[in-house]
Every structure is written in structure tokens, then in C-alpha cells.
1. Any residue in region 40-52 that is open to solvent by less than 50 Å² (accessible area, probe 1.4 Å) and in contact with a Gly (Cβ under 9 Å, 6 or more places away or on another chain)?
2. Do we have any residue at all in region 57-66 that's surrounded by 11 or more Cβ atoms within 10 Å (Cβ to Cβ) and more than 15 Å from the chain's Cα centre (by Cα)?
3. I'd like to check something: does region 106-116 contain any residue that is open to solvent by 90 Å² or more (accessible area, probe 1.4 Å), assigned to a helix (DSSP H, G or I) and not polar (S, T, N, Q)?
4. Go through region 1-13 and give me each residue that's open to solvent by less than 30 Å² (accessible area, probe 1.4 Å) and out of contact with any strand residue (DSSP E or B) (no Cβ under 8 Å at 6 or more places or on another chain).
Amino acid sequence: MALVDADGLPISLSLHGASAHEVTLAFDLVVGCWTREMPEVVVGDKAYDSDPLDEELGPCGVEMVAPHRKNRRRAPTQDEAGLEPYKRRWRVERFFSWLQRFRRLVVRYERKAANFLGFVQLAAVVMHVRYRY
């Protein structure tokens, strides 16, 4: 999982098994960001449409923007105007595209998750140096 800033550069990364649902891991990803301040708005896809996640992020001053799922049981919490930041979600996809430039990450050669996460973090540092400065 990755959390990127407005420029598409990573500010938080985490590695988890495939069985855990992303919405249960999102709070730890946001709280563990590397910046001094927490982001004001976090944009996610439909999987992040969760009232418990909104309640967790609310006291931290973080607003979760995600389109509503079709099978939502409760009343919608956002109108269409509130989804304006969702149009810039392509920046996250661009980050993952940049990550594919590192051949060692395209095919996961590392057996241990800690080693693989280390290479992903190294790639994030290279991205910051390359695109920020």
C-alpha cells in the first residue's frame, strides 16, 4: 500500500499479505506517514468507502474521499461535488508506474517481506531525489 503526496511521491508505504482488506489497513498507513503534518485529504477508490474508517480518520483531521459503493446500506456521506479530489487519483497510479522502473521490484526476487519492503523504500528515496530536487 502506498500514500502519495500531490506530486505523486510516496509519503507512506506498507507491505501486507493478500488476505487483509485494504480498508482495515488504511488508518495505520495514514498515521504512519513520513511528513510532519498529516494529510488533510486522502483519496481512495470504492474499497475505501467505509464509515468506520471515516470515524477513525476524523479526529486526526483527515478527510477520506472515496466514491460510494453500489451496495452501500447507509445514506451517502458525500455528494458529487465532494468527489472533486478523486479526479487526481491518477497520481497514485503514476507512482506505481514509476515503481515498475526498478527491475528488482517488477519480479519479486526477495523471499522475505522485510527485504522487499527495504527495496521499495530505497526506490521511494530515489524517486524523491530524482523528482523533488
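1. no
2. Looking for residues that are surrounded by 11 or more Cβ atoms within 10 Å (Cβ to Cβ) and more than 15 Å from the chain's Cα centre (by Cα), one finds at least one in region 57-66, hence yes.
3. Among the residues of region 106-116, not one is open to solvent by 90 Å² or more (accessible area, probe 1.4 Å), assigned to a helix (DSSP H, G or I) and not polar (S, T, N, Q), which makes the answer no.
4. The answer is G8, L9.
The rows are residues; the columns are (1) at pLDDT 90 or above; (2) in a strand (DSSP E or B); (3) of a type in the set (G, A, S).
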residue	(1), (2), (3)
L3	yes, yes, no
A6	no, no, yes
A18	no, no, yes
D28	yes, no, no
R36	no, no, no
A47	no, no, yes
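The values are calculated or read from the model by the stated rules, or taken from the named source; none is laboratory data. None of these values were measured; they are calculated from a predicted model. Quick reminder, even Gly has a Cβ in these numbers, built from the backbone with ideal geometry, and neighbours come from all protein chains shown. Quick note on the areas: whole protein, heavy atoms, side chains included, nothing else; ligands and nucleic acids left out. Shrake-Rupley method; radii C 1.70, N 1.55, O 1.52, S 1.80 Å.
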